[in-house]
Amino acid sequence: MKTNKSKISTICCIGAGYVGGPTMAVLADKCPDIKVYVVDKNKERINAWNNSNLEKLPVYEPKLKDVIKRARDRNLFFSENVKKYIGLADMIFLSVNTPTKVKGIGSGQASDLKWIEACARDVAKWANGHTIIVEKSTIPVRTAETIKIILESDQVNKSKKTFAVLSNPEFLAEGSAVNDLENPDRVLIGGDDDHSIKSLSEIYNRWVHREKIIKTNLWSSELSKLIANAFLAQRVSSINSISALCEKTGADINQVSDAIGSDTRIGSKFLKAGPGFGGSCFKKDILNLVYLCNHFGLPEVANYWDNVISINNWQQKRISQIIVNKLFGTLTDKKIVILGFSFKADTNDTRESPAIYIAKDLLEEGANLIIHDPKVNQKQIELELGNDLNCSSKDKNIFEETKKQNYWKFSNNIENAIENADAVVIITNWSEYKNLNWNKLYEKMRKPAWIFDTRSLINIKEFKDIGINIWQIGT
Ligand code: NAD
Ligand code: UGA
């Protein structure tokens, strides 16, 4: 039987996704004396984490392969056996998905907590002795209350099992996850049980300075995670809204960003205009915040944050419209190359990527798309766009014989993809798109050819002489 000890020797993390995998890999790397078991009911994902070919890990992150190589099978293990490792653990991280509800009360806004609840029930059933439960997933404020109720509902075994619940939200950003985990700005621990807080902070303290470990009550910690994402997303929407004003006035968004960002009160980060924020969290976390504000009778606060999402949707639509307008109002039979499908550089994650929305708009307008991405594969793009590009079934019946179908194709060779293209749209800020040889590429395009640079990646001054048409965000 485990005792209520502060020294943790076995950790289980439920959820081997973008957070669970990298977070536990770094923890195991930094604490070789702690056994770390990452469990998931998704067999394919677990197999991928166990793949001896490190190129095939389910998550692409710079430096992750090295961490996995050092820790895996030493004190880091990936398994489908959720029951076994819950039973062995002194501390259990809940790192499962918390997406927006798609039906029922709060549909389209509230977080769906069914995966969190399922984990709490599994833990209640299979844990032994004293176990510290750590909320790693992003969840609505006061979720710990629900978790505690479920954990304490087993009256029969009450004396044999005890639990403490902590909140320890994750602030890593994809593409820099390993760096963020190894050198976090802060680690946030919320809770009311000093003993458990000490156990968790001692783990982080192996590589994070004590001053960076912030301790709060449970509710402040849960809420701070939502608010951190809301503030970051708000900056992106703010600068994107100004990018449109720059385009009308002759101001340059990059110059404006530099000018305002050098004020230390404003700061320079998260002021890069682009095609709108993507990723699995900003939108869902703000929607959740909006839901919570309405729930607590604060519609003005809810509306304020809702506008951050409205501007984001508007920015994505605005870019699609600009492309259609510049290409003479029609994309039918035109070939457009999309550079980048992940939601940002250095990740293979496509969730909520602006590329999905822009690609769908362009297909709807009749364009043929060739999509390139250094890390996203064709199968993943198929999941996002579908591979049946027929128009609606009504159109199909009427025009079956005459309708020529437009399509998207995947290519891993930019030079081939660009042959006879009418336009190139840079959507993801992959560094390899910065230094393409446009003199050479432009020759291969059908004239008049356009480049739409939604990330201000290319140096516009270099192209003045070759006569290429360039539209760049915020200029
Ligand atoms: P994800 O979808 O990549 O991974 C979640 C995993 O949990 C999946 O593999 C799923 O199979 C597994 N799972 C769900 N229910 C389970 C159960 N009952 N038992 C076993 N396994 C189960 O999600 P993610 O991107 O890792 O995000 C996880 C949480 O972390 C979310 O709340 C998210 O908001 C938060 N977060 C994400 C990021 C990020 O960069 N992705 C950063 C900070 C916080
Ligand atoms: C974000 C937060 O940065 C993390 O702290 C948080 O842990 C995470 O969400 C989460 O909770 O999931 P992430 O979405 O991985 O991380 O990546 P970001 O770097 O924040 O970028 C989000 C989106 O905003 C991307 O589409 C990015 O291209 C865009 N962005 C970001 C801009 O358009 N401009 C900027 O200046 C910054």
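Rule-based calculations on the coordinates, nothing more; no lab input. Just so you know, these numbers come straight off a predicted model, no measurement behind them. All Cβ positions, even for glycine, are placed from backbone atoms using ideal geometry, and neighbour counts span all protein chains on display.
Some points to look at:
- In whole percents, the pair-distance distribution calculated for the stretch 1-108 from its alpha-carbon pairs, binned every 5 Å from zero, is 2, 13, 22, 22, 17, 10, 7, 4, 3, 0.
- Reported value for the stretch 190-234: 75 Å³ per residue, from the convex hull of its C-alpha atoms.
- Once the chain from Glu80 to Asp33 is taken as fully extended at 0.36 nm per residue, the excess over their C-alpha distance is 14.7 nm.
- Within the stretch 122-253, percent of DSSP bridges classed antiparallel, to nearest 5: 10 percent
- The Cβ shell under 11 Å around Pro99 holds other residues with a net charge of +2, Lys and Arg each +1, Asp and Glu each -1.
- Cα centroid separation, the stretch 2-67 to the stretch 408-439 (Å): 35 Å
- Label point 7 Å beyond Cα of Lys409 along Cβ direction - residues of the stretch 364-379 with amide nitrogen under 17 Å: 367-373, 378-379
- Global geometry of the chain, whether rounded, prolate or oblate, following the gyration tensor of its Cα atoms and the 1.5 cut on a/c: prolate
- Of the DSSP H helices in the chain, those with a Cα length along their own long axis of 30 Å or more and a mean Kyte-Doolittle hydropathy reaching 0.0 comprise 218-249.
- Amide H within-cut-off set for Val425, under 5 Å, with H built and near neighbours excluded: Val337, Ile338, Leu339, Phe452
- Simple label model, 7 Å out from Cα along Cβ direction - Lys160 to Lys434, nm: 5.9 nm
- Label-point separation in nm, Asn42 to Asn377, each point 7 Å along Cα→Cβ: 1.4 nm
- For the stretch 280-329 and the stretch 349-387, distance of Cα centres in Å: 20 Å
- Close lysine pairs were tallied over the stretch 325-377: pairs 8 or more places apart or on different chains with Cα atoms under 25 Å apart number 10.
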